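Some notes on the structure that comes next.
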Amino acid sequence: MKKCLIAPSILSADHARLGEDTTKALDAGGDLIHVDVMDNHYVPNLTMGPLTVRDLRNYGITAPIDVHLMAQPVDRLIPDFAIAGASYITFHPEASKHIDRTLQLIQESDCKSGLALNPSTPIEILHYVMDKLDLILLMSVNPGFSGQSFIPGTLKKLDQVRNLIDRSGYNICLAVDGGIQIDNVCEIASTGTDMLVVGSTIFNQLDYKKVISSIRMEIEKSHKKPLH
Ligand code: DX5
Ligand code: ZN
């Protein structure tokens, strides 16, 4: 069984102590860091930019950094995030006029490329770009804020995209983002997702290690569950 990665989303971290809090989440068992970039345009919230990524690298964060762009347009931002030290750059198809070109731009910038699908975005958009994808991020909330509730229809969508990836033969990571809590991890992980993006469930607790261990235990349980 492939390991399911846990990506703490630092949107919910303490931004006055970002380096420290990010290190704490990684030391507690996080596999990579998820950075939510919001522009008050594509989504109604304003958060981090390339300087955040650069400064996290300068602070000493060596784990992969997954930049989730909820910004529009995206092409202008990609080289800046690549130079700053992003490992993955993921964008929403609605935010690019030429999705195929944007994916190429990310890969030419030496980053792994991802597409993020909103709860209402159909998966058909993936079909002709599977060869240019390293990651597919299914949004299980509408993008813009942490602390929202998981949208249950995402489970079926995860199953569908899992099948699509498996049939394609490409090595594409399937990630899910939003509303992940200890009590829904088992059901989500049983769809065969490769990465869980978790914000408030980790950062709203004092003991990150305890939360991440509980998430891992739920992932383990999902491996023992018969396939639905
Ligand atoms: C939402 C972001 C998420 C967010 C998840 O637009 O993309 O990454 O941080 O937060 P939680 O885990 O609190 O739903
Ligand atoms: Zn995100």
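The values are calculated or read from the model by the stated rules, or taken from the named source; none is laboratory data. This is a predicted model, so every value here is computed, not measured. Positions of Cβ are backbone-derived with ideal geometry, glycine not excepted, and every protein chain shown enters the neighbour counts. Calculation scope for accessible area: heavy atoms of the full protein, side chains included, ligands and nucleic acids excluded. Shrake-Rupley method; radii C 1.70, N 1.55, O 1.52, S 1.80 Å.
How long are the semi-axes of the ellipsoid equivalent to the range 5-222, from square roots of 5 times the Cα gyration tensor eigenvalues, in whole Å, largest first?
Working: eigenvalues 111, 97, 47 Å².
Ellipsoid semi-axes (Å, largest first): 24, 22, 15.
Between ILE151, ILE215, ILE89, which gets the highest mean-square fluctuation from a Gaussian network model of the chain, Cα cutoff 10 Å?
Checking each option, the largest mean-square fluctuation is seen for ILE151.
Hey, with R₀ at 30 Å, roughly what FRET efficiency would ASP110 and MET1 work out to, going by the Cβ-Cβ distance, to 0.05?
Once rounded, the FRET efficiency stands at 0.50.
How much net charge surrounds PRO64 when only the other residues with a Cβ under 15 Å from the Cβ of PRO64 are counted, with Lys and Arg +1 and Asp and Glu -1?
With Lys, Arg at +1 and Asp, Glu at -1, the net is -2.
Positive end of the charge dipole of the chain (Lys, Arg +1 and Asp, Glu -1 on Cβ, about the Cα centre): tell me which of PRO8, MET217, ILE202 has its Cα farthest that way.
MET217
Considering only protein heavy atoms, what per residue accessible area in square angstrom results for the chain with a 1.4 angstrom probe?
Per-residue accessible area for the chain comes out at 47 Å².
Given the Cα-Cα distance of ARG216 and SER168 and 0.36 nm per residue of separation, how much length would full extension add, in nm?
14.5 nm
Distance check, please: which entries in LYS3/LYS132; LYS24/LYS157; LYS2/LYS209 exceed 26 angstrom between their Cα atoms?
LYS24/LYS157
Hey, could you get me the Stokes-Einstein D for the range 134-186, Kirkwood radius over alpha-carbon pairs, 4 °C and 1.567 mPa s, rounded to whole µm² s⁻¹?
109 µm²/s
Taking 0.36 nm per residue of sequence separation and subtracting the Cα-Cα distance, how much length would be gained by fully extending the chain between GLN148 and ASN204, in nm to one decimal? Before the final figure, lay out each step's value.
Working: separation 56, 0.36 × 56 = 20.16 nm, distance 1.33 nm.
Result for the pair: 18.8 nm of gain on full extension.
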